[in-house]
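Let me begin by presenting the structure, written as structure tokens, before commenting on it.
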Amino acid sequence: MTRPHGAGAEVDPDRLVALAARVGPGPAPGPAHGRAGGLSGPRRGEGGDLFDLRPFQEGDDPRWIDPAATARSGRAQVRRRHEEVERTLLLVADFRAPMLWGTRGRFRSVAAAEALALEGWRAVRAGARVGAIILRDAEAELLAPRPRETAMLRVAGALGRVHAAALAAPEAAHDDLATILDRIVAQAPPGASVCLATGLDDPGPAFGPAAAALMRKCPFEVLLVQDAVETSPPPGTLTARLGRRVVRGRFGPSPAQEVLARLGVPVRIVNAAGAVGAEAPA
């Protein structure tokens, strides 16, 4: 595999910020529009009925703290009503070692970051709050959802920093996606939609139940990032060195799309060799 030069191998925060120019004003894409990155939560002004009472989380406005509920529980509690609810999108970037390669155009990890940045800008322009979970091999960085353009500036900077660290020191072992989805179920804010950009490498034996649990909690969609050798495998037999062994084999189409379809997970294909924003429904 060849290593792309320049921007193809690096997540450039300035480039992610510049992608905002490709997003026009208008409603954010949602499940009803057949697009990934759907945003959940009632719109402002839909009434005054109680919507949520929960413990205070990082990123919450202190003005939402309910004194009576806080006094009863001994822990800060947030009470929000329909007219106060903001739609929330949680971007999840897979920067584990299996994503850090590419044969043409961009690394799969770079394509993931750029596709998520577009989703984030669309959400922000529609008035939503945007947060992120950035995955490395055995750890993750959580950015609590925030409103307005400053949220995406923060996400862009973090994507660039974490990706550079992942390239500099990839680990020998990594968590499978089932383990990661379990964490997302625990960390996703109530009412948030989750958009995961991944190649679906090493999903783990419990991926199906983990995906089902996440979809029961919130809308969940996948940006499936694929390299050219996955979308158009080269013909013939190839030779590769795996440690001390030399093996021969063929490239075959990735089964990831079929796995997600069988589980009922909405998915869009992101071609790592294609142009930014060329994602298409599977």
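Annotations
- Checking each residue in the stretch 181-200 for being of a type in the set (A, V, I, L, M, F, W, C) and over 23 Å from R87 (Cα atoms) picks out only L200.
- Options A76, A69, A123, A112; residue that is among the hydrophobic types (A, V, I, L, M, F, W, C), closer than 16 Å to A192 by Cα and in contact with a strand residue (DSSP E or B) (Cβ under 7 Å, 6 or more places away or on another chain): A123
- Qualifying residue in the stretch 204-225 (condition: surrounded by 18 or more Cβ atoms within 10 Å (Cβ to Cβ), over 27 Å from T88 (Cβ atoms) and either touching a helix residue (DSSP H, G or I) at 6+ places or on another chain (Cβ under 9 Å) or not aliphatic (A, V, I, L, M) (or both)): no
- Checklist (1) under 30 Å from R125 (Cα atoms); (2) at pLDDT 85 or above applied to A168, failing item: (1)
- Some residue of the stretch 157-168 being in a strand (DSSP E or B) and touching a residue at least 40 places away in the same chain (Cβ under 8 Å): no
- Of the residues in the stretch 114-127, at least one is outside any helix (DSSP H, G or I) and in contact (Cβ under 8 Å) with a residue 24 or more places away in the chain.
- Listed here are the strands (runs of 3 or more DSSP E) enclosed by the stretch 178-278 that have at least 3 residues being modelled with pLDDT under 75: 238-242, 245-249.
- Residues of the stretch 88-104 include at least one that is within 16 Å of the chain's Cα centre (by Cα), more than 22 Å from G204 (Cβ to Cβ) and hydrophobic (A, V, I, L, M, F, W, C).
The values are calculated or read from the model by the stated rules, or taken from the named source; none is laboratory data. Here the structure is a predicted model, which is why all the values come from computation and not from measurement. For neighbour counting, all protein chains shown are included, and Cβ atoms are generated from backbone atoms with ideal geometry for every residue, glycine included.
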